[in-house]
Amino acid sequence: MEFPVFPDTPPLLTPEEQIELSNPLCSANRYKQILEAKTAVYNDLFNTLYPIEKLVKGRAALIDEILKAIWKANNLNNNHNISLIAVGGYGRSELHPNSDIDVLILLKERDTQLNSSLESFITFLWDINLDIGHSVRTLDECVSLAREDITIITNLIEARPLYDLDDLLGVLRPQISTENMWDGHTFYQSKLEEQKFRHEKYQNTAYNLEPNLKECPGGLRDIQVIDWVAKRFLGTHRLRELVQKSFLSEDEYLQIKGAVSNLWRIRWALHTITGRKEDRLLFDHQRTLAQLFGFNSDDLKRNVERFMQGYYQSVAAIQQLNDMLLQHFEESFLDLDEHANIIIINDRFQTFNGQLEIRDPSIFSTTPSAMLEIFVILGTLEDAKGMRSSTMRALRDNLDRIDDEFRNSPVNTALFMDIIASPFNLTSLLRSMKHIGLLGRYLPEFGAIIGQMQHDLFHIYTVDAHTLQLVENLRKMLQPEARQQFPISSQAIRHLPKVELLYIAGLYHDIAKGRGGDHSILGCTDAEEFCIRHGLNKQDTQLVVWLVLHHLKMSVIAQRKDISDPEVIWEFASFVKDQEHLDYLFILTVADINATNPTMWNSWRASLMRQLYLETKRALRRGLDSPIDAEMLSDEHKQRALELLIERNVDIIDAENIWNNIEEEYFIRSTGDEIAWNTEAILKHYPSEKPLVAISPLGGRNFSGASKIFVYTPLTAHLFAVIAATLEQLGLTILDAKISTSTTKYSLDTFVVMDDNDEAPNLYLDKARITLIRETLIQQLKSPSLFESLIQRYTPRILKIFNSPSSVRLVSEPEEVWSALEVIAPDRPGLLAMIGQFFMTHNIMLHKAKIATLGERVEDTFYITEPDGNLIIDPNRVDAICTQLKEKIDQFSQSK
């Protein structure tokens, strides 16, 4: 195999080019030609895997020569009153294709005679399309500003001269030294605060769907923070010097260097493919980058996931070493100021000023089980401050001792179960074990999902980050403050016989993601092996395996099934069999949804889960041999509605006259609160012939925390299409729809809606908003021919990226009232209205719709019949509906 022969350095300006460019008569076009030619060579080198460090440094050196030539062409090179200084990333000699080029024009004192030459210099830089950031300051101004501004002192720390005849930078440096301003500790604290604020901006996670590879936790900025603090505190000039000063080991330095090189290569490619300064790994860029980095299989989704896994592993390494080095700096500052407060815990461990540390540097090599014991101890300390950096390093250095013998040792399995049962800080312990690398070593199956992302909009974290977030959610449910957000879960979790079984199921529920096949089935094997190895009895093992296998079932039923149907409740109750299994599964499901994508847990989904849980609980209490009768359920709902109507002084005879004309399914699938609300609205509306539109005022307890829109109007074939189109155009997301009819040919339609950012409780506080929705709906219902023009909403960029083929399936079970049409399709504005139009043109009666938006796709179920109310069972009719609807959805998705 032949390897490419690389030049020692990337091309700079030739002597002839330097002379040519220094000529005041050299045109901007000539500069552009040379820059374009050099850039093309650099990109060719990049594509042949030329070392990225040399490219980044080489581009900075090339820009040095360009700036020097222009400086000279403007006759500034012989002036002793002025210096040209590179600052910022350019000052570090690090430039990517479209990085900012920051310069400081440093003056001994203000000189107006230089203004013309400086303006000409800067203007020419803009003319040749260099992204220049510049400041013009005197020495005194630099000192004054640096004393007040952390950003300016940081820039000056990295300053290097380009033209500096009188060494003005040398004059400046002593004045801005730690003796005069920003001592090492103060600078460190300020940078720590900056980093904390920046991390919070990105939700304190490196595992965003579209991460910023510079600013996110674990990004390039985190390495710069280390570099800045080291320069200020230790006087270092390069990161490698931290090895000499015993702040980094050689292996750690190489790990950082490898991670930074990977991010640099991604950043270089990102700047090249976008043609601009771009640090966001947007979805559309991820696909291009995956191909550019050699992931070229036919499975586009898998290519992106493999590429991003490499990215996440790099930022995880940087984040881990950033934490350790900042901890080391902190200890160094504290050691200068404080007397050691040492508390001995046992022969192996002690606390040093509140931080846990090993008493013998060789303890992990002589007693490997101490690597788990230290986390057991941390789990017993409520106010633990973590561990010393030297102990963290010793742990990392001994991870290779974790082998199959270690994993199967009864001592170690008992210690790990003690960690799972920790009274304090369980999630922090697991995250720390993951960052150090211990968790992935002890549980290799967990190690396989570290950095494993899923290329969709539903899962916003990598699998490992999601898993640990789930465990954290479970722990939060035990806290008093969780009772408001998770009232049922926080109560149920306190009554579980063994809450640690939930943590184990949480650790393993997604363990098989990325392997291909059904991860729930594949994960059962790993979960069972874990339970057996860790000494769980047969009953506990079966429960954990059952939870892993069925962790999606309750969510699927709540969001896609008609849970107002007694048969659905009875079937689910028969599945869980007892209250204990119901509690375990419910709590795990709630924690899972919130850990997958917190924005998905809105008041509507919470109400669905609550309804399914409580109805199933009632069914279990009643007994599986006594399923609830539909007629009995209808009577219960009517009785509740009557009680409410009586309280509101509504004439009961008038109410019952209305009910006599409405189909029984309406009363089975509507709560007493809904029936009372609808009935009162109809009575107040009578005898008006206009469409009735009623809107629940605040969401509220009676309406499941989501807003409901009730429409009562003469029955026509286009109703659903018109209403869906209007609501979507008004910026409302439809979550659920119920269509009922009366013998008087009226339609009673109820739509559950939220606004597009899932904040419905605030949506209807504005009376003007209610009026707009009502009047718009009434107008459209009176003029249905206008509804096609409504489907004009813009499709967000992020949705356009995901455009997979749709799936349509029609199921007609003989014992069911309606046929179920299941649609999986890319999420697009106007999709529901388009499907409603399809029903109208194909003579299909819609009775109910379950709308589930999962990231970039929808999984909707429509309950439909023939116009005469019969199931759709003719094979040709079924095939025609599925085929034609699929074609129409795919065309619609492409056009949007």
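None of the figures in this text is laboratory data; all of them are computed from the coordinates on show. Since the structure is predicted, the reported quantities are computational estimates derived from the model, not experimental observations. All Cβ positions, even for glycine, are placed from backbone atoms using ideal geometry, and neighbour counts span all protein chains on display.
On C-alpha positions alone, give me the angle between the axis of helix 300-337 and the longest principal axis of the chain, in degrees, nearest 10.
Rounded to the nearest ten degrees, it is 60.
Out of all Cα-Cα pairs in segment 339-442, roughly what percent, to the nearest whole number, are more than 16 Å apart? Provide the component values of the computation, followed by the final result.
Working: 2875 of 5356 pairs.
The calculated P(r) of segment 339-442 puts 54 percent of pairs beyond 16 Å.
Normalising by the residue count of segment 630-895, find the relative contact order in percent from Cα pairs under 8 Å and 6+ residues apart. Don't skip to the end; give the middle numbers.
Numbers: 449 pairs, mean separation 43.2, N = 266.
About 16 percent, as a whole number.
Percentage of Cα-Cα pair distances in segment 82-135 greater than 12 Å, rounded to whole percent? All intermediate terms of the calculation are to be shown ahead of the outcome.
Numbers: 959 of 1431 pairs.
Tail fraction, whole percent: 67.
What is the calculated FRET efficiency for Asn346 to Asp299, with r their C-beta to C-beta distance and R₀ = 60 Å, to the nearest 0.05?
Here the calculated transfer efficiency is 0.70.
Most exposed first by the Cβ proxy, i.e. fewest other Cβ within 10 Å, how do Asp625, Asp755 rank? Before the final figure, lay out each step's value.
Details: Asp625 5, Asp755 16.
Going from least to most buried by this count: Asp625, Asp755.
Could you order peptides 364-377, 864-877, 71-84 by the average number of other Cβ atoms within 10 Å of their residues, highest first? If you can, show how the numbers build up before the last one.
Numbers: 364-377: 19.8, 864-877: 13.0, 71-84: 17.5.
Most protected by this proxy first, the peptides run 364-377, 71-84, 864-877.
Taking the chain as the reference, fit the longest principal axis to its C-alpha atoms, fit the long axis of helix 184-201 to the helix C-alpha atoms, and give the angle between the two in degrees, 0 to 90, nearest 10.
30 degrees
In what sequence do His637, His581 fall when counting other Cβ within 10 Å, fewest first?
The order, fewest Cβ neighbours first, is His581, His637.
Cα-based Rg of segment 492-555 per 2.2 N^0.38 Å, rounded to two decimals? Please list the in-between numbers first.
Working: Rg = 11.6 Å, N = 64, 2.2 N^0.38 = 10.7 Å.
In units of the globular-protein estimate, segment 492-555 measures up at 1.08.
What nm distance separates the two modelled labels at Asn204 and Arg401, each placed 7 Å from Cα along Cα→Cβ?
Label-label distance for Asn204 and Arg401, simple model: 3.2 nm.
So which trypsin sites (Lys or Arg not before Pro) in segment 87-160 end up in coil per DSSP with only 14 or fewer other C-beta atoms within 10 Å? Can you show the working numbers first?
Details: sites: Arg92, Lys108, Arg110, Arg137, Arg147; in loops: Arg92, Lys108, Arg110.
Counting only loop positions with at most 14 other Cβ atoms within 10 Å, the trypsin sites (Lys or Arg not before Pro) in segment 87-160 are Arg110.
Using a 10 Å cut-off on Cβ atoms, rank the peptides 655-661, 678-684 from the highest mean neighbour count down.
Details: 655-661: 14.6, 678-684: 17.9.
Packing order, densest peptide first, comes out as 678-684, 655-661.
Give me the three principal axis extents of the chain from the C-alpha atoms, as integers in angstrom, largest value leading.
Result, largest extent first: 100, 74, 61 Å.
Can you tell me the alpha carbon radius of gyration of segment 458-621 divided by the globular rule-of-thumb value 2.2 N^0.38 Å?
Numbers: Rg = 15.1 Å, N = 164, 2.2 N^0.38 = 15.3 Å.
In units of the 2.2 N^0.38 Å rule of thumb, it is 0.99.
Rank the residues Phe802, Phe862 as a footprinting-exposure proxy: fewest other Cβ atoms within 10 Å of their Cβ go first.
Details: Phe802 17, Phe862 26.
Sorted ascending by nearby Cβ count, the order is Phe802, Phe862.
Using 0.36 nm times the number of residues separating Glu643 and Val171, minus their current alpha carbon distance, what extension gain do you get?
Working: separation 472, 0.36 × 472 = 169.92 nm, distance 8.73 nm.
Gain in length upon complete extension: 161.2 nm.
Work out the FRET efficiency for Lys577 and Asp140 from their Cβ-Cβ distance, taking R0 = 60 Å, and round it to the nearest 0.05.
Details: r = 81 Å, r/R0 = 1.34.
Efficiency for this residue pair is about 0.15.
Could you let me know the centre-to-centre spacing of segment 797-866 and segment 230-287, using Cα atoms, in angstrom?
47 Å
For helix 875-895, what angle does its Cα long axis make with the longest principal axis of the chain, in degrees from 0 to 90 and rounded to 10?
The helix 875-895 is inclined about 30 degrees to the chain.
Could you calculate the contour length gain from Asp879 to Ser190, that is, 0.36 nm times the residue separation minus the distance between their Cα atoms, to one decimal place in nm?
Working: separation 689, 0.36 × 689 = 248.04 nm, distance 6.65 nm.
Length gained between Asp879 and Ser190: 241.4 nm.
Would you please put 14-26, 591-603, 504-516 in order of how densely packed they are, using the mean number of other Cβ atoms within 10 angstrom per residue and starting with the highest?
Highest mean packing first, the order is 504-516, 591-603, 14-26.
What distance in nm separates the simple spin-label points at Asn77 and Ile653, each placed 7 Å from Cα in the Cβ direction?
Reported label-point gap for Asn77 and Ile653 is 10.7 nm.
Between Asn661 and Lys690, what is the label-point separation in nm under the 7 Å Cα-to-beta-carbon projection?
A separation of 2.0 nm, rounded to one decimal place.
Please state, rounded to one decimal and in Å, the Kirkwood hydrodynamic radius that segment 15-181 gives when every pair of distinct Cα atoms enters the mean of 1/r.
Working: mean 1/r = 0.0597 Å⁻¹.
One decimal place: 16.8 Å for the Kirkwood radius.
Expected output is a single nm value to one decimal: the length gained when fully extending between Asp625 and Arg238, i.e. 0.36 nm times separation in residues minus the C-alpha distance. What is it? Don't jump to the answer; show the numbers that get you there.
Working: separation 387, 0.36 × 387 = 139.32 nm, distance 7.50 nm.
Length gained between Asp625 and Arg238: 131.8 nm.
222 nm [θ] for the chain, helices only, -39500 (n - 2.57) per DSSP H run of 4+, per residue, to 500? Intermediate values should be presented prior to the final figure.
Numbers: 42 runs with 492 residues, N = 896.
After summing the helix terms and dividing by residue count, I get -17000 deg cm²/dmol.
Cross-link list Lys214/Lys385; Lys301/Lys886; Lys617/Lys886; Lys214/Lys708; Lys38/Lys434: which exceed 32 angstrom alpha carbon to alpha carbon? Display every interim value, and only then the final one.
Working: Lys214/Lys385 28 Å; Lys301/Lys886 22 Å; Lys617/Lys886 39 Å; Lys214/Lys708 44 Å; Lys38/Lys434 44 Å.
Long pairs (Cα-Cα over 32 Å): Lys617/Lys886; Lys214/Lys708; Lys38/Lys434.
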